[in-house]
Amino acid sequence: MGLLLLSLLPLFVHASGDAEHVWVFPCAGCSYNDARQLLIQQAAPTFRCVSGEPGRPISIDNQRCYSQPHYAAVLDKRTHTLWGFRLSHTQQGMYPPLMQLQVVDHGFTPNTEELIRNGVAYTQALGAALQRVANRVGRSFTSAQQQQDWLVQASSNRRVTSTAQAPFSCQQSSEYQAVTAALSGAFRNRLRTAVNEAFLQEDLSLSTNFDEKTFNGFGLEVSKAGVGVSVSWDNERVARSVIFNYPVPDTLATEDHQHGSRVVFNIRPEQQSLTISLDASKTHIGGSYWSVLATPNLSPLELSPCAKMAFDRVYRRSQSTELGVIGSQRYYPKPAAGQPLPPSHQQPDNSWQLQQCEVHYYDDNGRLLVTFRVLC
């Protein structure tokens with residue numbers, strides 16, 4: 001590996017001219033061949049096709065296609081080796097299958113190379129900063145009561161004392177709190193405030209290396225002295241996850257179903273701010289993953305009656321169908337208000353073999369959002 005890298009380095013000592021824009025893909029421990037193959041897969045120029053017969057619509061037979069060369073680079077973060085390439089197509093103005101992709105080595109000027117390295121360094125620093133933010137915000141609360149207090153805290157971080165709860169309340173339910181965290185606009189707004197406040201504490205002084213800096217779907221775009229560089233996030237994971245754990249199982253859960261809940265939000269730089277989105281593949285309510293609950297053609301899973309109460313507070317359109325007296329293997333029925341729960345060691349008897357329902361929730365346009373089973 002070392003001999004190969006040494007033999008290639010001289011190719012990039014003398015720049016062959018400045019490129020107006022460079023597409024950059026970081027890697028870790030890659031070779032020259034790895035870098036070249038990565039760019040063939042992700043940085044090939046796109047075609048722009050027109051009709052070769054004026055006045056007639058474009059078709060397979062008459063299309064004439066063109067592409068603009070792409071300048072791209074791969075920077076190995078471990079060895080700091082930089083490989084540059086120019087990607088272009090032969091046979092301009094021909095049918096696409098006849099246009100062959102050419103990938104040739106390309107050297108960048110010292111100023112462009114410095115911009116590339118600074119751009120990659122900034123994405124690494126940004127990713128580390130977002131990870132610290134995610135870890136800090138994820139420790140904002142550890143109980144249902146603390147979550148409620150966190151939602152109503154004033155900017156002075158004054159703790160709000162809530163009134164005493166009745167012997168049983170769904171607000172004490174971990175599933176209720178988890179669904180509220182996933183769906184509540186108030187929770188999302190409070191989370192955004194916490195993330196922004198934590199992010200402002202991070203030192204990202206590397207941003208002074210650029211004249212302009214923006215975020216887009218491809219990644220980080222920076223410019224300096226008329227040269228632009230776009231650093232991809234596709235193979236450089238910059239989004240970070242804020243994880244809220246609810247380790248205490250739902251108060252209504254049976255002894256053989258003692259699963260806590262987890263709600264995960266991804267924070268990601270985009271445009272001039274940070275975006276926050278629910279990660280359905282990692283979020284689960286008592287072990288039932290959100291991505292499964294939101295897939296209509298899968299057999300519905302069972303959630304707690306308290307989880308249903310949280311959904312009812314958010315969605316105005318729902319439909320419920322009784323499935324019959326089939327009972328529940330995961331939850332006790334909800335006791336009457338103010339009544340204590342059955343002892344945790346007690347197994348359900350026949351009085352708990354109640355109706356189970358299948359519940360569907362819809363948005364205002366009638367699109368099905370979530371389906372699950374629950375004790376009626």
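The values are calculated or read from the model by the stated rules, or taken from the named source; none is laboratory data. All values reported here derive from a predicted model rather than from experimental measurement. As a convention, Cβ positions derive from the backbone with ideal geometry for all residues, glycine included, and neighbour counts pool all protein chains shown. In case anyone asks, the SASA skips ligands and DNA or RNA and just uses the protein heavy atoms, side chains included. Shrake-Rupley method; radii C 1.70, N 1.55, O 1.52, S 1.80 Å.
Taking the stretch 88-138, which residues are open to solvent by 30 Å² or more (accessible area, probe 1.4 Å), more than 21 Å from Val24 (Cα to Cα) and outside any helix (DSSP H, G or I)?
Across the stretch 88-138, the qualifying residues are Thr90, Gln91, Gln92, Met94, Tyr95, Gln100.
Condition check ((1) within 28 Å of Phe25 (Cα to Cα); (2) assigned by the TED database to the domain that holds Arg132; (3) touching a residue at least 24 places away in the same chain (Cβ under 8 Å); (4) out of contact with any Phe, Trp or Tyr (no Cβ under 6 Å at 6 or more places or on another chain)) across all residues:
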residue	(1), (2), (3), (4)
Glu202	yes, yes, yes, yes
Val229	yes, yes, yes, yes
Val242	yes, yes, yes, no
Thr254	no, yes, yes, yes
His257	no, yes, yes, yes
Ser261	no, yes, yes, no
Ile267	yes, yes, yes, yes
Glu270	yes, yes, yes, no
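Only residues that are among the polar types (S, T, N, Q), under 12 Å from Gln92 (Cβ atoms) and open to solvent by less than 40 Å² (accessible area, probe 1.4 Å): list them for the stretch 48-74, please.
Going through the stretch 48-74, the residues among the polar types (S, T, N, Q) turn out to be 51, 59, 62-63, 67-68.
Now narrow it down to the ones that are under 12 Å from Gln92 (Cβ atoms): 67-68.
Matches in the stretch 48-74: Ser67 only.
Could you please let me know if Phe215 is aromatic (Phe, Trp, Tyr) and in contact with a Gly (Cβ under 7 Å, 6 or more places away or on another chain)? I'd like the intermediate steps shown before the answer.
Numbers: aromatic (Phe, Trp, Tyr): yes; in contact with a Gly (Cβ under 7 Å, 6 or more places away or on another chain): no.
The answer is no for Phe215.
Checking the structure you have, find out if any residue of the stretch 162-178 is under 23 Å from Ala239 (Cα atoms), open to solvent by less than 50 Å² (accessible area, probe 1.4 Å) and modelled with pLDDT of 85 or more.
Going residue by residue through the stretch 162-178, those that are under 23 Å from Ala239 (Cα atoms) are 178.
With the extra rule that they be open to solvent by less than 50 Å² (accessible area, probe 1.4 Å), the set shrinks to 178.
Next cut, modelled with pLDDT of 85 or more only: 178.
Scanning the stretch 162-178 turns up at least one residue that is under 23 Å from Ala239 (Cα atoms), open to solvent by less than 50 Å² (accessible area, probe 1.4 Å) and modelled with pLDDT of 85 or more.
Check whether at least one residue in the stretch 192-209 is open to solvent by less than 10 Å² (accessible area, probe 1.4 Å), at pLDDT 90 or above, part of a helix (DSSP H, G or I) and not small (Gly, Ala, Ser), and report yes or no.
yes
Given the conditions (1) modelled with pLDDT of 75 or more; (2) hydrophobic (A, V, I, L, M, F, W, C); (3) under 13 Å from Ala253 (Cα atoms); (4) outside any helix (DSSP H, G or I), report the number of the one that Leu341 does not fulfil.
In the conditions (1) modelled with pLDDT of 75 or more; (2) hydrophobic (A, V, I, L, M, F, W, C); (3) under 13 Å from Ala253 (Cα atoms); (4) outside any helix (DSSP H, G or I), Leu341 misses (1) alone.
Which residue is most open to solvent (accessible area, probe 1.4 Å), if the candidates are limited to the stretch 141-161 and must be modelled with pLDDT of 75 or more and among the hydrophobic types (A, V, I, L, M, F, W, C)?
Filtering the stretch 141-161 for residues that are modelled with pLDDT of 75 or more and among the hydrophobic types (A, V, I, L, M, F, W, C), the one most open to solvent (accessible area, probe 1.4 Å) comes out as Val152.
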